[in-house]
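Everything on this sheet refers to the single structure shown next.
Nothing in this text is a laboratory measurement; each read-out follows from the coordinates by a stated rule. All values derive from a computational prediction rather than experimental measurement. Counting neighbours? That spans all protein chains shown, and the Cβs are built from the backbone with ideal geometry, glycine included.
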Amino acid sequence: MGNVHNLSVKSHSHHSTTMEEELTCPVCLELYADPLLLPCSHSICKKCLQDIVDNRYKSGKDGLDCPSCRKSHPVSRTKVGKLPRNLALENIVFRYQEIQSQNMTRSRKSLDLTLDFPSPSSPSQCASPLSPEVENIVFSEDVLEMCGLCEENSGKKASWYCEQCCVAYCQSCLDNFHPKRGPLAHHKLRKPVKDSSSGKQAFCCDHEAEVAAIFCDKCQLLVCHLCVCEGVGKHSQHKILSLDTALVQTKETVSHTKERLENMVATLSDQSAKMAEISEDIESIHAQASQKIDLQYQRLIDDITSSLRQHRHATLHRLSESKSKILAKLRTQIEENRQQLKTMENLMESCKKLLDEDHTKGLLMRASDVAPLVQKQEAVSDSTADEAEQCQSIIPVIKSPASPGKDAPRVGNKCLTTWGFNSSSFTAEPLSFNAMWSVTVEKNASQMGDLKNGYIFGVGISFDKLSLKDQVGLNSLSHGIVCTGGNLVYSHNGKIEQLMPLDGLPLSVTIYCTIDQSEGILLAYTITDASWGDTLHGKKILVDQFSRKEVFPVFTVSQRVKMQFPTYV
């Protein structure tokens, strides 16, 4: 009969343990308290949810990943209080606690009766099964500790040991000083057998005579049972974790920090290598640009004035200054990366020392070192440079109304096409600094015809806004590169200067406008013809229009072409 009773109790203990797992919060690993219902139908304690959302907000992250199914939800700090409470689950937890309390009371009474009236024929069946919160049945001969609350002269052997209080109790002291209701109801009682693995004792910092066997999650410290006493200890309202849970969390934090540091080291190494390559490219580009300028100078020396020689020297000087500034910045960045690598290697060594700690309590005694490591790692991460500086160019904001109008809004365009059978001109925002812009002129796929008939386009500058019907270069206000009659020409006020025949499209035109020249406005251009296989460079100094206050990029297109702006700018 005793064996049947024991089997029944074991079965009840198994089902009770399974039920407790179902009623346990996946974050704090305690029974649900004020459970809130997530959109994925899983539940989480309100306090745990608030802590997770606050931590993610501090780290610059939005939303929440469900601890059970990892599904993302748009839950912010202000929306936590609006989530529905799982009242059914809350009632089940309350009812479960009542049943567990009643079972513990009945188990203790059964144990007292069995110990008072042992069966001489079957001594092994005298003990009655305990509550599911107790791991094993406690016999008087198995007790290895004395009660921690009895008087010294009349001390009894301990029957229970509370893992949260770290105190051994006899049955009488347990009933008197460890109530079954209230905040102590969820404490875990076990057999008071000394842990053979705890060879190294850790003592409380505030109570030197007390063993530190409780981990405060808020302060990241090992504390004693006096530190968590209600109204007395300074950790009484803090979140307490079991040693195993604290050990797992601490190791995960250190491992995650070490992994992120390794990734950052790899990223910085790649970045340094790329910066070294960029430095070599700049040297090569500088050499090629200098050679190109020399060749261009020799080619155009018969056609330009003495001012071109002065401008050549100025261009080379600015090019050298630009190279020196960029290289100096890159060298500084490489040196900063070298210092950051050294810092991160030191942090990785600190993480390794923490992970090499063999003993559980030895690592947890140093748990307070983890937060500074994480903060230093995040500080290094925030100071990492993203990418090397790039040269600047512009995509003009073009006045391109859906239907022509004087006060039409200005919008940014990647492509210009005309809407009618005639050419249309577009005016961009005025320049406030030296600038360059490029366009690619392509055939309009819906139009057919001879290059010398109808392929009209132009790119240049104007000293006033052009109307839709004013073509670039055909009035006294505009200068530009124009295609007319199958040829590319430089045009101003209807006067043209032959540049080269237009053999085919696509064609690339780049305009450079320097408005801070003391002698006038410098308008330079580069034309690249895919079929021609070379580039043509030219410069014009516009002295007569220097008194104008504004300079506008202007464009003319016809129905047979489309003007495409580069998408990489």
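Each of T526 and A445 was given a label point 7 Å from its Cα along the Cα-to-Cβ line. The distance between the two points is 2.9 nm.
When F94, F463 are arranged by Cβ crowding within 10 Å, least crowded first, meaning fewest neighbours, the order is F94, F463. Restricting the calculation to Cα atoms, segment 255-382 yields a radius of gyration followed by a Dmax of 25.2, 87 Å. Distances between placed amide hydrogens fall under 5 Å for F203 paired with A212, all partners being 5 or more residues away or on another chain.
Under 28 Å of direct C-alpha separation, and excluding same-chain neighbours fewer than eight residues apart, K562 reaches these lysines: K399, K406, K414, K443, K452, K465, K469, K495, K539, K540. Once you divide the Cα radius of gyration of segment 241-302 by 2.2 N^0.38 Å, the number left is 2.50. The mean sequence distance of close C-alpha pairs (under 8 Å, at least 6 residues apart), as a share of the length of segment 255-382, puts its relative contact order at 45 percent.
Using the Karplus relation 6.51 cos²θ - 1.76 cosθ + 1.60 with θ = phi - 60°, the per-residue 3J(HN,Hα) values for segment 313-318 come to 4, 5, 5, 4, 5, 5 Hz, with x marking Gly and Pro.
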